[in-house]
Amino acid sequence: MTPVPRAVVEVRDLRRTYRTSTGVFRRRSVEIEAVRGVSFEIGEGELFGLLGPNGAGKTTTIKMLITLLIPTSGTARVLGLDVVKDSREVRKRIGYVFGGERGLYERLSALDNLRYFAELYAVPPREQKPRIEALLELVGLKGREKERVEGYSRGMRQRLHIARGILHDPPVVFLDEPTIGVDPVGARELRATIASLAEAGKTVLLTTHYMFEADSLCDRIAVINKGEIVAEGTPRDLKSIVADKTVVEIETFGIAEETIEKLRNAPGVASISIEERDQAQVLLVQSAKGLELTQTLLAMLEGTTVGRVAAREPTLEDAYVALVDTAA
Amino acid sequence: MTGARIFFVGGLMSYRALFGWLSPWIFIPTFLVAPIFQILLFVYIGRSAGVESDKFYVIGNALQYCAIPCIFAMSNTIAGERYQKTLGYILATPAGRLPLFLGRSLPVIGNGVFASAFALSAGGAIVGIHVPASSIASIALVIVVTSASCTSLGLVSAALGLRVRETATLNNIVFGLLLVFCGVNVPLSELPGWMSFIAQGFPLTHGIEAARRLANGQSFGSVGGLIGAEALIGAAYALLGYQLLRLLEWQGRRLATLETA
């Protein structure tokens, strides 16, 4: 674990187990370990990324940190306060934003949504108006604030979520996939807003699926998979995991599962991931640097329609794929 | 100051947030027209059976109708948050739970008072009952107290909404129980002993009796005990509802059921 200056968020061996039931007459209880002994620290003013595939335990971890879930075991402290014992004090000092369209009062205007939460966060009445105006300006909703939220686009809702999350000027902010489903221009604006939070000295925990987002925003990153942290470090540290690799991108159309399996087992192939892009499936093949695999791979793809082929240097996303694949 | 603002300002805003769908097209048929139908139905049944007076049915049904907004709307203050996926957001704020949830009861009580008062006035005018002018203010107070005690029962249902989704179904059953047990259309003395015994623990029972006596010309002082009993029962349900809220919120955090149960 990389040492951090004055830890604002301290997580130690955090675990969370869910119990779910299946069946109607013969009910069977199933225990799911969503988070399995996670530990990390976030320093003051740091923008920390928590990356992982769906179901990896990111949201469960955040829900424990924002006091909505009680850990099964382990401890979590925010600004030295225990998230279970001092939950009310923790709530005063944190803001949080969950991705998605829900979670706002649809029949109220953005202004009234913010006014209501300003009351709940005990923002002094005299400060409410200027603060709400400044936030509406910051998230680009000025001029639309009196419209009902039900008419807002996804991007506008996300920006309103962010404004609500920092309404009470919390020193620590948790952002759970804040740009998910937002169009590229809107997502870029949101990233600029997130960056401005860090510039304002706030400590931010960000979860995202978008590697370029994590790469450009985060000071440090932890990769979580199946409830465990499999790597932690700066984006550069993580990229170094695949520094000795090269990546070949092969665009295919209608590739069969068996062909992918054959490629996966081909000599020299470290890992393969697939990206769906419109009609195409883009294979991202990692192999040792210096190993010329392109011709071999293309030979194995005989009978499959192949489009663009390119070799490139590995990115953070490749490091992420390698980490998640290794842990699988 | 913060608690007071959450209670008054927050309570009103949350009512707007959760009941913005309550347009006049829904409000008028539900809270103003439907109780008149209920009153007329029981008045005509009563007339044909020749049992109780029109006044008995008008007052019983008008007061009982406050249970619709009071129980259903109060219950929806949690169920509605769950539906809009805002429950997690409000529970993760530092707002004290007492002003946060009790503040939501004020507009609900106002709604109940309006529904009952309208039903009593309009229903009474349609069937032609006479209430002494000197009793009107006292009856108005009884309506307020009865609406408050029904809202407290709604708070219990709201709290259960932290654990189960089916509170609307539960509320239908509660509404039926109040209709049958509380002497709305059948005097308590005519009900089996165990039913009139249980009715003593329900909201409405004492309020309806107090309103009937006032409408028959008895003094406010003579029904003070009934009004006090109605208020006490309301306070007991409010306390139970608040404790349930705290318990089930904690349990929801422990069992991860706040957003999924």
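Evaluating A:Thr326 against the criteria (1) at pLDDT below 85; (2) under 29 Å from A:Ala222 (Cα atoms); (3) surrounded by 15 or more Cβ atoms within 10 Å (Cβ to Cβ) leaves one unmet condition, (3).
For region B:22-32, the condition of being farther than 30 Å from B:Ile126 by Cβ and at pLDDT below 90 holds for none of the residues. Screening the candidates A:Phe48, A:Phe40, A:Phe25 for the property of being part of a loop (DSSP other than H, G, I, E, B), in the same structural domain as A:Leu205 (by TED's automatic domain parsing) and not polar (S, T, N, Q) yields one hit, A:Phe25. Applying the set (1) closer than 23 Å to A:Ala34 by Cα; (2) without any contact (Cβ under 8 Å) to a residue 12 or more places away in the chain; (3) at the interface with chain B (Cβ under 7 Å from one of its Cβ atoms) to A:Asp82 leaves exactly one unmet item: (3). Counting the residues of region A:264-295 that are over 19 Å from A:Asp244 (Cβ atoms) and outside any strand (DSSP E or B) gives 5.
Against the list (1) closer than 26 Å to B:Ile6 by Cα; (2) more than 13 Å from chain B (Cβ to nearest Cβ), the condition A:Glu177 fails is (1). Screening the candidates A:Tyr121, A:Tyr96 for the property of being in contact with a His (Cβ under 6 Å, 6 or more places away or on another chain), within 10 Å of chain B (Cβ to nearest Cβ) and either without any contact (Cβ under 8 Å) to a residue 60 or more places away in the chain or closer than 29 Å to A:Glu41 by Cα (or both) yields one hit, A:Tyr121. Selection of region B:106-133 for residues being over 25 Å from B:Ser75 (Cβ atoms) and touching a helix residue (DSSP H, G or I) at 6+ places or on another chain (Cβ under 9 Å) yields B:Ser121, B:Ala122, B:Gly123, B:Gly124, B:Ile126, B:Val127, B:Gly128, B:Ile129, B:His130, B:Val131, B:Pro132. Residues in region A:99-110 that are at the interface with chain B (Cβ under 9 Å from one of its Cβ atoms) and in contact with an Asp or Glu (Cβ under 7 Å, 6 or more places away or on another chain): A:Glu106, A:Arg107.
Determine whether B:Glu209 is of a type in the set (Asp, Glu) and surrounded by 13 or more Cβ atoms within 10 Å (Cβ to Cβ). Considered against the rule, which asks whether it is of a type in the set (Asp, Glu) and surrounded by 13 or more Cβ atoms within 10 Å (Cβ to Cβ), B:Glu209 comes out as yes.
Residues that are within 14 Å of chain A (Cβ to nearest Cβ), touching a helix residue (DSSP H, G or I) at 6+ places or on another chain (Cβ under 7 Å), surrounded by fewer than 24 Cβ atoms within 10 Å (Cβ to Cβ) and touching a residue at least 60 places away in the same chain (Cβ under 8 Å) do occur in region B:237-248, at least one of them.
The values are calculated or read from the model by the stated rules, or taken from the named source; none is laboratory data. Given the structure is predicted, the values throughout are model-derived calculations rather than measurements. In this analysis, Cβ positions are derived from the backbone assuming ideal geometry, glycine residues included, and neighbour counts consider all displayed protein chains.
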